[in-house]
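Note sheet for the following structure.
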Amino acid sequence: WLAGGTPVPGATDRTWKVPAGAAGSRVAVRVSTVKPGLRTGVATSAQTPVVTTQPALRLTGKASGGGAVLLTLKVTAAGLRSVGGKVSFLRGRKVLETVPVVKGSATVRLTRQPSGASTYVAKYLGWGPVLPASRSVRVAP
């Protein structure tokens, strides 16, 4: 088995469960045949599309006074040390702001928010092998 064109140590069985660490790689299989008296043969499959991973999102929110709300999104993905990309913060269907995710984190301070409790959604837009996802939080004054 090959991940990113490199043989995977110990992966010599007919099947191989792709680990989270292969996220971002393309996977292929190489088969060798050996029969006494005949020429040996080697064949390599076409590579798969890039292996993707589902992110884990943690969204926190708090009212910070004067009609402002502070939202923080933390994004992690198995097999990756750091996650990037962009996130859109919404209230209802309205996109309030889109900001970059840097080293797995994005924070936004929204001003002039309505009084009373509101539900906010962080819509993570995905990045390389990391799939899009969303999470919501209810913020009360």
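The values are calculated or read from the model by the stated rules, or taken from the named source; none is laboratory data. Predicted model only: the values in this text are computed from it and were never measured. For neighbour counting, all protein chains shown are included, and Cβ atoms are generated from backbone atoms with ideal geometry for every residue, glycine included. Remember, those area values only see protein heavy atoms, side chains included, never the ligands or the DNA or RNA. Shrake-Rupley method; radii C 1.70, N 1.55, O 1.52, S 1.80 Å.
Where in the range 1-36 does the label zone of Gln47 land, with the point 7 angstrom along Cα→C-beta and an amide N cut-off under 11 Å?
In the range 1-36, the label zone of Gln47 (backbone N under 11 Å from the point 7 Å along Cα→Cβ) covers 3-6, 24-28.
Which residue, Gly85, Gly24, Gly67, tops the fluctuation ranking in a GNM of the chain built on C-alpha contacts under 10 Å?
Answer for the Gaussian network model of the chain: Gly67.
Per residue, how much accessible area does the chain show when a 1.4 Å probe rolls over the protein heavy atoms, in square angstrom?
On the way: 9000 Å² over 141 residues.
Heavy-atom SASA per residue in the chain reads 64 Å².
Name the residue farthest towards the positive end of the dipole of the chain from the options Thr33, Pro49, Ala77, assuming +1 on Cβ of Lys and Arg, -1 on Cβ of Asp and Glu, about the Cα centre.
It is Ala77, whose Cα lies furthest towards the positive end.
Could you go through the range 13-19 in sequence order and give the Karplus-derived ³J(HN,Hα) for each residue, using 6.51 cos²θ - 1.76 cosθ + 1.60 with θ = phi - 60°, rounded to whole Hz, and x for Gly and Pro?
Rounded to whole hertz, the list is 7, 5, 10, 8, 7, 5, x.
Find the lysine pairs in the chain meeting two conditions, Cα atoms under 24 Å apart and a separation of 8 or more places or different chains, and report how many there are.
Value for the chain: 14.
Normalising by the residue count of the chain, find the relative contact order in percent from Cα pairs under 8 Å and 6+ residues apart.
Contact order relative to length: 22 percent.
Hey, any idea what % of the chain's accessible area is carbon plus sulfur with a 1.4 Å probe? Display every interim value, and only then the final one.
Details: 4840 of 9000 Å².
The C+S portion of the solvent-accessible surface of the chain is 54 percent.
Rounded, prolate or oblate: which fits the range 1-72 when a ≥ b ≥ c are the square roots of the eigenvalues of the alpha-carbon gyration tensor, with rounded for a/c under 1.5 and prolate only if a/b beats b/c?
Because a/c hits 1.5 or more and a/b exceeds b/c, the range 1-72 counts as prolate.
Nearest 20 debye, what's the magnitude of the dipole of the range 58-141 about its Cα centre given +1 on Lys and Arg Cβ and -1 on Asp and Glu Cβ?
On the way: 14 positive and 1 negative charges, 13 e Å.
That gives the range 58-141 a dipole magnitude of about 60 debye.
Quick check on the chain: what does the Kirkwood estimate of hydrodynamic radius come out to from the alpha carbon pairs, in Å? Don't skip to the end; give the middle numbers.
Values: mean 1/r = 0.0560 Å⁻¹.
So the Kirkwood estimate lands at 17.9 Å.
Taking the Cα centre of the chain as origin and charging only Cβ (+1 Lys, Arg; -1 Asp, Glu), how large is the dipole, in debye to the nearest 20?
Working: 20 positive and 2 negative charges, 51 e Å.
Computed about the Cα centre, the dipole is about 240 debye.
To the nearest 20 debye, what is the magnitude of the charge dipole of the range 1-63 about its Cα centre, counting +1 on the Cβ of each Lys and Arg and -1 on the Cβ of each Asp and Glu?
With only Lys, Arg, Asp and Glu charged at Cβ, the dipole is about 60 debye.
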